[in-house]
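This report concerns only the one structure given below.
What follows is calculated from the coordinates using simple rules that are stated; it is not laboratory data. For clarity, every value in this text was computed on a predicted model and none was experimentally measured. Note that we place each Cβ from the backbone using ideal geometry, even for glycine, and neighbour counts take in every protein chain shown.
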Amino acid sequence: MTANTVDVTAVRAIIVDILELEDDELTATSLFIEDHGADSLGAIEILSRIEKELGVVIPQDDLAKLVNLEAVLGVLATAERRRP
């Protein structure tokens, strides 16, 4: 997956849903834990939903990098498509 093929709207919708935010509360750099009160389970849920809904595989090692929308999009830019 490349930066050009990342569905930013879908990624935002997943994060907003999981963190129970209003759309305008989520910025590219707002931190999931510090700014939005997420816990480690929320990060795992974000990873899982993105993998399932976008059909990608994100290495577990990248979980710690998923701190904000900008970082998620960066990880997705290098994620591999799931094989059918």
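Across region 1-39, what is the number of residues that are closer than 15 Å to N68 by Cβ and either surrounded by 11 or more Cβ atoms within 10 Å (Cβ to Cβ) or touching a residue at least 24 places away in the same chain (Cβ under 8 Å) (or both)?
Going through region 1-39 one residue at a time, the tally reaches 23.
If a residue must be without any contact (Cβ under 8 Å) to a residue 12 or more places away in the chain and over 14 Å from V75 (Cβ atoms), how many such residues does region 40-56 contain?
Number satisfying all stated conditions: 3.
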